[in-house]
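Have a look at the structure below before the remarks.
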Amino acid sequence: MRKNVLTIALLAMTIVLVLTACGPAATTVAPATSVPPTSVPSTQVAATLPPVPTVTPAPFIFGMLLVGAKNDNGWSQATYDGGLYVEQQIAGSKMLYLENVYSGSPSYPGLTASQLADQLVSQGAKLIFFNSDDMKDEALKFANANPKIYVVGVSDDWTWKDGKNYTVSANQVDIMGRMEYMKMIAGCAAALTTQTGKIGFLGPLINDETRRLAASAYLGAKYCWSQVLGKDATKLTFTVTWIGFWFNIPGVTADPTQVADNFFNTGYDVVISGIDTTEALVEAEKAKTAGKAVWALAYDYKTNCGVAPDICLGVPYFNWGPAFAATAKTAVDGTFAENFQWNGPDWTNLSNPDTGAVGFAKGQGLSADNGTKLDAFIAQLAAGLNLWTGPINLQDGTAYLTAGTVATDQQIWYLPQLLEGMEGASVPSK
Amino acid sequence: MKKNSWINVGFQVGALVVALLITTLLLVAAGAPPLKAYASIISGAFGSSNNIENILITWSPLLLTTAGVLITFSAGLWNIGIEGQMTLGAIFATGVLRALQNTQLPPALIIILGILAGVIGGALWAALAGALKTFGGVNEIFGGLGLNFVSTALTIYLVFGPWKRPGVGSMSGTQPFDEKLWLPSLPHTELSLWALGISLLVIIAVYFMLRGTHLGLRLKAVGKNSKAAFLMGVPTWQYSMFAFLLCGAFAGLSGAIQVTSVYHRLLPNISNGYGFLGLLVAMLINYQALWAAPIAFFFAAVNIGSVQLQIQYKLDSSFAGVLQDLLVLLVLLGEGARQRFIKKG
């Protein structure tokens, strides 16, 4: 009898618990009228970013969801540093963050990025940075469900009015850097250095972003191989191998260590990293120690060459601070408005931490002679050289840009395949 | 209360206290103030309506996997393959939704068919583990583990292969389904009362099945002493297979709910360890279905609340797993110690 009473009591408690907890959410859903003002132009494609003025001290908490670790020497560390820059620029501001946020992450069993963003909001965050395309859908979903919270989708294109995926999201800003230029420089450094004429590209997953970045590296390599060194473009081998994600997930992705090793063991003497972590550099260092003449280019983070300085030709990196701070400032002063930013480098000073969105740092592995040639190439880009100019064919031979035609931003952003002359999977978009 | 009951309670409380003590020591070692850290877990779990909703969202699949393993445990089976069964449920559900999404069928019917397919997928995958054990002599632990790996590989193949998003090759998953194919949820949340209701019904049904039916009694008989049960006329291998099938069906249902209610797509690791967590819950409650709902709720709350450990104290959120595992380990140890104590007494 006592057991029956206990059973009924527990069941009743469970049902009551469910019913009480399932009441309408009251705290985070705001009426439509609370949407931030939209006076700022909805699309901002800036060439360079102006220096960010220091603003009046104000308590302001913002959150950041990092796809990797904050000290990954790559993408996540670069975006984390962008958050630290915001803290410097906006007095009294404070960053909360969560690491290793990606689909199916074992760090948060069963939790989605938007649920994790809820946790940041519950600690007072008014602005949330979703730092990866892996959270793209979640960022939009969270923005729509939380109109009082500002959202930044790093590398997303939801708010690009001229983009393919434009979706009204009044409390969202999407930010990306024009890394294409820096990848061209990386490709050029690789082409100037390679002795075998075989360049490997250690690719992450395949999507619009990674296709256009790999293709940009190829365009830079092809230009310097043929125009600077005067060699036959058909003699240049440029192979992309994708691992399936931004970093190694054992049992799920291909192992970037093995991919890099495979490049070096099959005659490729320069590997350009396109992933968030440093396996290409580490393996190049090992190969060099074993007597091979090999080099690598890092990615994402400014000081990444420090992992293996002797073999590092350079690193194309993101400098998120200025754009993040400028956007956070609009959240503080109430002028935050839906817009899309594809921010370029500061050609007058590629390494200025207060201006350009992307930069390139040369590595010790680059010879002095090649360094001079690379500087000349950078100067040409700064002067207006545009390698995204036809004739350019897609990997399957389809004409993409006719002779003399300059690619639009949409044609670059949404590159449907790799380019003719590149080897590797494209996963063409329909 | 009888003396033995007091002893039981004493050992269980003792195990909980030791688990808390060890966790506290770990927190101190990690540089976090223990009381504040515990408070942060509680506020992370119950500090806002959104967080409570998130607990309920994670409670649902955990209830289902716990319900499943309670059945196999009753039949004396360690269904480690439950992760794979959940994954197959997700795969089958995704397959049906993909196949029917562009048809003229009503969305509600497509969702129902998708969920049913998930149930079937999980059951079939469990039947495979059961067949390996029954007819191949392969221990269900090894068979289940192997099938877990196969299910993961199958998911990765589908996500990167035939089911990849147009133009994308990423472990981020398949193309999300149109909103009309989502299990209805409360506005601005992923909390589906359907998912929650089904899960609660399942655990209640399992409770009554194991407690007061011939079926439950026979399952337990097979689990306690298979040979004796056989001699008493219970068709043992059929009951073992039935336990596998039912557990797989619940796991598959759980996977289907993840697809239709939470992620709206298939992705690698979609089982998210819910199967293993369900095993832990079942062990912690000593296989008594009565306690499944509150303990699973507690585990879900710890999962959600412990995110605050990283936000506030920079501790890895996997600390929640440490707390849960410790709890189970010490309760099992406590049970062992209790039995020795009673024998000596």
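Couple of notes before you dig in:
- Of all residues making up segment A:113-125, the number that are touching a Phe, Trp or Tyr at 6+ places or on another chain (Cβ under 8 Å) and either more than 7 Å from every other protein chain (Cβ to nearest Cβ) or surrounded by fewer than 23 Cβ atoms within 10 Å (Cβ to Cβ) (or both): 4
- Residue in segment A:232-240 that is in a strand (DSSP E or B), touching a helix residue (DSSP H, G or I) at 6+ places or on another chain (Cβ under 7 Å) and more than 14 Å from chain B (Cβ to nearest Cβ) present: yes
- Test for A:G371: is it free of Cβ contacts under 8 Å to residues at least 12 places away in the same chain, assigned to a loop (DSSP other than H, G, I, E, B) and not aromatic (F, W, Y): no
- The residues on offer are A:A357, A:A376, and the sole one that is out of contact with any Gly (no Cβ under 7 Å at 6 or more places or on another chain) and under 21 Å from A:P316 (Cβ atoms) is A:A376.
- Restricting segment A:380-394 to residues that are surrounded by 14 or more Cβ atoms within 10 Å (Cβ to Cβ) and not aliphatic (A, V, I, L, M), the residue that is farthest from A:N349 (Cα to Cα): A:N393
- Any chance A:G110 is crowded, with 24+ Cβ neighbours inside 10 Å and at pLDDT below 90: yes
- Residue list for segment A:134-156, filter: surrounded by 24 or more Cβ atoms within 10 Å (Cβ to Cβ) and touching a Gly at 6+ places or on another chain (Cβ under 7 Å): A:A139
Residue by residue, here is whether (1) β-branched (V, I, T); (2) more than 24 Å from the chain's Cα centre (by Cα); (3) outside any loop (DSSP other than H, G, I, E, B) holds:
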residue	(1), (2), (3)
B:G121	no, no, yes
B:A126	no, no, yes
B:W163	no, yes, no
B:T174	yes, no, no
B:T189	yes, no, no
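- Qualifying residue in segment B:74-81 (condition: hydrophobic (A, V, I, L, M, F, W, C), touching a Gly at 6+ places or on another chain (Cβ under 7 Å) and buried (at least 16 other Cβ atoms within 10 Å of the Cβ)): yes
- Per-region count, segment A:139-158, residues facing chain B (nearest Cβ under 9 Å) and polar (S, T, N, Q): 2
- Filter result (hydrophobic (A, V, I, L, M, F, W, C), in a loop (DSSP other than H, G, I, E, B) and within 19 Å of A:A186 (Cβ to Cβ)) within segment A:326-364: A:W347, A:L350, A:A357
- Tally, over segment A:330-369, of residues that are buried (at least 21 other Cβ atoms within 10 Å of the Cβ) and not aliphatic (A, V, I, L, M): 15
- Helices (runs of 4 or more DSSP H) fully within segment B:1-118 that include at least 2 residues being in contact with a Ser or Thr (Cβ under 9 Å, 6 or more places away or on another chain) and polar (S, T, N, Q): B:34-46, B:49-74, B:82-100.
- Residues being part of a helix (DSSP H, G or I) and surrounded by fewer than 24 Cβ atoms within 10 Å (Cβ to Cβ) are represented in segment A:309-318 by at least one member.
- Residues in segment A:398-428 that are within 11 Å of A:W388 (Cα to Cα), surrounded by 16 or more Cβ atoms within 10 Å (Cβ to Cβ) and among the polar types (S, T, N, Q): A:Q411 alone.
- Which listed residue, of A:K136, A:K161, is over 27 Å from B:A301 (Cβ atoms), more than 11 Å from chain B (Cβ to nearest Cβ) and basic (K, R): A:K161
- The single residue among B:Q312, B:Q324 that is part of a helix (DSSP H, G or I) and under 16 Å from A:P106 (Cβ atoms) turns out to be B:Q324.
- Extreme residue, farthest from the other protein chains (Cβ to nearest Cβ), among residues of segment A:241-262 that are part of a loop (DSSP other than H, G, I, E, B) and of a type in the set (G, A, S): A:A254
- No other residue among A:V259, A:V271, A:V294 is in the same structural domain as A:K198 (by TED's automatic domain parsing), surrounded by 22 or more Cβ atoms within 10 Å (Cβ to Cβ) and over 22 Å from A:T210 (Cβ atoms) apart from A:V294.
- Restricting attention to segment B:152-178, the residues that are within 10 Å of chain A (Cβ to nearest Cβ), without any contact (Cβ under 8 Å) to a residue 40 or more places away in the chain and on the phi < 0 side of the Ramachandran plot add up to 8.
- Within segment B:183-195, the residues that satisfy the criterion of being over 15 Å from A:E138 (Cα atoms), within 11 Å of chain A (Cβ to nearest Cβ) and surrounded by fewer than 21 Cβ atoms within 10 Å (Cβ to Cβ) are B:S185, B:L186, B:P187, B:L193.
- Members of segment B:74-101 that are more than 13 Å from B:L245 (Cα to Cα) and modelled with pLDDT under 95: B:S74, B:G76, B:W78, B:I80
- So A:S39, is it modelled with pLDDT under 95, more than 9 Å from chain B (Cβ to nearest Cβ), over 30 Å from A:A361 (Cα atoms) and not in a strand (DSSP E or B): yes
- Residue check for A:Q88: of a type in the set (S, T, N, Q) and either away from chain B (no Cβ under 14 Å) or within 30 Å of A:M422 (Cβ to Cβ) (or both): yes
- Within segment B:135-151, the set of residues being crowded, with 22+ Cβ neighbours inside 10 Å and within 13 Å of chain A (Cβ to nearest Cβ) comprises B:N148, B:S151.
- Selected residue (only one of A:N131, A:N100, A:N73 is crowded, with 22+ Cβ neighbours inside 10 Å and on the phi > 0 side of the Ramachandran plot): A:N73
The values are calculated or read from the model by the stated rules, or taken from the named source; none is laboratory data. Note that the structure is a prediction, hence the values are computed from the model and not measured. A quick note on method: Cβ atoms are made from the backbone with ideal geometry, for glycine too, and the neighbour counts reach across all protein chains shown.
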